[in-house]
Amino acid sequence: MVKKTLFALFCATSFFVHSQNGTISPYSFFGIGDFRGKGTVENQMMGGLSMYADSIHVNLRNPAAYSRLALTTYTLGVSHREFRLKDFTEEQNTSVTNLDYLSVGLPMGKNMGIGFGLMPFSSVGYGLVSEVTNADEELVTNIFTGEGGLNRAYFSFGFQPIKNLGLGATINYNFGTLEYQRLQRVEGVQFGTIDNRTSKINGFDFNYSAIYTPKIKDKYTLYSSVVVNTQVNLVSENSEVIGSFSQETGQEIEVVDVDLDARNLRNTELKIPTTTTLGIGFGEERKWFMGAEYSFQQFSSFENRFLGQDNVQYQDANSYAFGGYFVPNYTALSGYFKRITYRAGLRYDVTGLVVNGKEINNFGITFGFGLPLSGTITDRFSNLNIGFELGRRGTTDAGLIEESYFKINVGLSLNALWFQKRKIN
């Protein structure tokens, strides 16, 4: 039943993964859009920590966690975000709903496991209007829109070479299309101008990790983790068309292809620098855990030559995350609330994006619940995870936009036993 259900979900949502509009943020205008790989709901609700691993949940950001996996695990997550976007003069409310990941984890014997799945990597989705007056005192309106994104197919492997030490690696294939459009209209002029740019992007990267979880006084566990996501090497096949359109009817009048070969922009490389994450935590297994992580990235070396945006710079990025969980009594036979996992955390991200000379940073507070699902002996560890996040990104300084958001996450983690030998009495 579980296997058939997940296969159906995998097929039914594959088109959705490729076509969804994953963001409505104006800051997705820059770089290759908003980065989306935040991990499962369970990890997100602990401030986004990637270091924690157990035997019944998939960890999308730390492949060494597959060395702890004891049950076949199917997991998917969806999210809904409510945004309030404001500047000095006005504000607007909007929302977006997304499929965040679809994944399978398989134990391959003692202290070894694999995982594979699909998830968004980045998303572009914005609509911006700029109005200025030119030297002839005519109103010039620029309309910027963008859509698309990159998706990620991955395969992970984790194993435990010695007691308490888990090692893992992931290969990621990233692919997708980004589309950007600019329309310009001048008051009193019959025709406007149009500039459409498209980037078809693909490329690989790798993720290596290690987790070390020694026991302390036979009751407590010390958690430590190192995760290195190597440089993402992407190749972008670009095209651009420019022309004019009728302001009265909206019909394109004359559109021509731009010779990008002459400017050496037909094929460009996008290199997203290596990210390193260090984590340490402490807890009592299946009862409570708390931890902290620090990530850093030399994002100052990133550039997207094809877009040629003059008002953006990139600087080194870093993130701070704190979080944990608490389970009153996971073995309780009565009292459902005693078996619920309560999670909470917070994070602060220096994103490395600088627009109009202002840093665009993000702060979020997270909390949520892991609700056990009743079932047969083979899937009694399955659970429904519900999480919430309150956050803020950006600023209203320098003519920019501040985003305040409320995010609801729902994740389903289903467990089953595979490759179990049947006994005949």
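Within segment 100-113, is even one residue farther than 28 Å from ASN415 by Cβ and modelled with pLDDT of 90 or more?
Pass one, segment 100-113, residues farther than 28 Å from ASN415 by Cβ: none.
Checked segment 100-113: no residue is farther than 28 Å from ASN415 by Cβ and modelled with pLDDT of 90 or more.
Can you pull out every residue in segment 213-227 that is surrounded by 14 or more Cβ atoms within 10 Å (Cβ to Cβ) and part of a strand (DSSP E or B)?
Of all residues in segment 213-227, those surrounded by 14 or more Cβ atoms within 10 Å (Cβ to Cβ) come to 213, 220-227.
If the condition is that a residue be surrounded by 14 or more Cβ atoms within 10 Å (Cβ to Cβ) and part of a strand (DSSP E or B), then TYR220, THR221, LEU222, TYR223, SER224, SER225, VAL226, VAL227 are the ones that fit.
For segment 263-359, which fully contained strands (runs of 3 or more DSSP E) count at least 1 residues that are buried (at least 19 other Cβ atoms within 10 Å of the Cβ) and of a type in the set (Phe, Trp, Tyr)?
Working: elements: 267-272, 275-284, 288-297, 312-314, 317-326, 341-355.
So the answer is 288-297, 312-314, 317-326.
For segment 84-94, does any single residue satisfy the condition of being open to solvent by 60 Å² or more (accessible area, probe 1.4 Å), modelled with pLDDT of 90 or more and polar (S, T, N, Q)?
There is at least one residue in segment 84-94 that is open to solvent by 60 Å² or more (accessible area, probe 1.4 Å), modelled with pLDDT of 90 or more and polar (S, T, N, Q).
If I ask for residues that are under 18 Å from the mean Cα position of the chain (by Cα), open to solvent by 50 Å² or more (accessible area, probe 1.4 Å) and not hydrophobic (A, V, I, L, M, F, W, C), which ones from segment 106-155 would you list?
The answer is GLU147, and nothing else.
I'd like to verify a number: residues in segment 246-262 that are closer than 30 Å to VAL235 by Cβ and either in a loop (DSSP other than H, G, I, E, B) or in contact (Cβ under 8 Å) with a residue 24 or more places away in the chain (or both), how many?
Our first condition is that a residue be closer than 30 Å to VAL235 by Cβ; within segment 246-262, this holds for 252, 255-262.
Add one more test, that the residue is either in a loop (DSSP other than H, G, I, E, B) or in contact (Cβ under 8 Å) with a residue 24 or more places away in the chain (or both), and what stays is 252, 255, 258-260.
The number of residues fulfilling the criteria is 5.
Evaluate the following for ALA135: is it without any contact (Cβ under 8 Å) to a residue 24 or more places away in the chain and of a type in the set (A, V, I, L, M, F, W, C)?
On the way: without any contact (Cβ under 8 Å) to a residue 24 or more places away in the chain: yes; of a type in the set (A, V, I, L, M, F, W, C): yes.
Considered against the rule, which asks whether it is without any contact (Cβ under 8 Å) to a residue 24 or more places away in the chain and of a type in the set (A, V, I, L, M, F, W, C), ALA135 comes out as yes.
Looking at (1) more than 29 Å from TYR126 (Cα to Cα); (2) touching a residue at least 40 places away in the same chain (Cβ under 8 Å), can you tell me which one THR230 breaks?
Against the list (1) more than 29 Å from TYR126 (Cα to Cα); (2) touching a residue at least 40 places away in the same chain (Cβ under 8 Å), THR230 comes up short only on (1).
Taking interchain pairs and intrachain pairs at least six residues apart, which have beta carbon atoms under 7 angstrom, with the first residue in segment 276-295 and under 14 Å from ASN62 (Cα atoms) and the second acidic (Asp, Glu) and open to solvent by less than 80 Å² (accessible area, probe 1.4 Å)?
THR277/GLU293; LEU278/GLU293; GLY279/GLU293
Rundown of residues vs (1) touching an Asp or Glu at 6+ places or on another chain (Cβ under 6 Å); (2) buried (at least 16 other Cβ atoms within 10 Å of the Cβ); (3) among the hydroxyl-bearing types (Ser, Thr, Tyr), yes/no style:
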residue: GLY168; (1), (2), (3): no, yes, no
residue: SER199; (1), (2), (3): no, yes, yes
residue: PHE204; (1), (2), (3): no, no, no
residue: ALA210; (1), (2), (3): no, yes, no
residue: SER246; (1), (2), (3): no, no, yes
residue: ASP261; (1), (2), (3): no, no, no
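The values are calculated or read from the model by the stated rules, or taken from the named source; none is laboratory data. This is a predicted model, so every value here is computed, not measured. No Cβ is skipped: glycine too gets one built from the backbone with ideal geometry, and neighbour counts run over all protein chains shown. Heads up: the accessible areas ignore ligands, DNA and RNA and are worked out on the full protein's heavy atoms, side chains in. Shrake-Rupley method; radii C 1.70, N 1.55, O 1.52, S 1.80 Å.
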